[in-house]
Amino acid sequence: MPPLLHLPAMISEATKRHLERTCPSQSHESMQAAQRDQSVAEALNHIIPARSPIPSQNGRPNQRSLPNRAVTDESLDDAFVSFIMYCNPSVPQDTDTTELRKTFRSPPKSDNKTFSTFVLFELIRKLEDKEIKTWAQLAIDLGVERPDFDKGQSSQKVQQYSVRLKVSPSLL
């Protein structure tokens, strides 16, 4: 087999010699493909670091997992908090979540009308399953009333509420 001197300079001489000894039957093209695969894997490791367990105070790792999606009105808060904690492993597990739960149970109001977070959750599930076609329809199904033009309400009232649902400042 000819020496691998024509390989790109990104491979060190030691690696080239090692490849010549261990893979004498590999073609130049397959070695280049392997090098590209290794470069891509290394780049991904820098972009998407592996999630390692966060050690707790007693030295054992905190085991966090995604919550079950089958929730009830009573278990929805716990599932939400578990999801947030899973996504933020550097937050200690014993962090007080009272404000997080309170904010979660306070979706935006419309005409001083308060809506159920669980009903909203179920409607969003229907939207994802394509049973509801639009966010505006979701808002109407939730209970947002259509605009009253006699009161000077905007024809965009339902759409504006839908935008507030999608990006509620209290949830950011």
> If you check Ser65 against the conditions, is it farther than 19 Å from Arg164 by Cβ and either at pLDDT 90 or above or in contact with an Asp or Glu (Cβ under 7 Å, 6 or more places away or on another chain) (or both)?
Replying inline: no
> Among the residues of the range 77-93, is any on the phi > 0 side of the Ramachandran plot and surrounded by 11 or more Cβ atoms within 10 Å (Cβ to Cβ)?
Replying inline: no
>> Consider the range 138-165. How many of its residues are surrounded by fewer than 12 Cβ atoms within 10 Å (Cβ to Cβ) and either among the hydroxyl-bearing types (Ser, Thr, Tyr) or modelled with pLDDT under 80 (or both)?
In response: 2
>> I'd like to check something: does the range 90-97 contain any residue that is of a type in the set (D, E, K, R) and outside any helix (DSSP H, G or I)?
In response: yes
> Going by the conditions given, is Lys102 of a type in the set (Lys, Arg) and not assigned by TED's automatic domain parsing to the domain that holds Asp78?
Replying inline: no
> Quick one: in the range 123-148, which of the residues that are without any contact (Cβ under 8 Å) to a residue 24 or more places away in the chain, in a helix (DSSP H, G or I) and more than 22 Å from the chain's Cα centre (by Cα) is nearest to Ala79 (Cα to Cα)?
Replying inline: Asp141
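Table: residues versus (1) outside any helix (DSSP H, G or I); (2) free of Cβ contacts under 8 Å to residues at least 24 places away in the same chain; (3) over 21 Å from Asp73 (Cβ atoms).
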{"position": "Phe118", "(1), (2), (3)": "no, no, no"}
{"position": "Phe121", "(1), (2), (3)": "no, no, no"}
{"position": "Asp150", "(1), (2), (3)": "no, yes, yes"}
{"position": "Ser162", "(1), (2), (3)": "no, no, yes"}
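The values are calculated or read from the model by the stated rules, or taken from the named source; none is laboratory data. Quick caveat, the model's predicted, so the values are computed rather than measured. Heads up, the Cβs are rebuilt from the backbone with ideal geometry, glycines too, and the neighbour counts pull from every protein chain shown.
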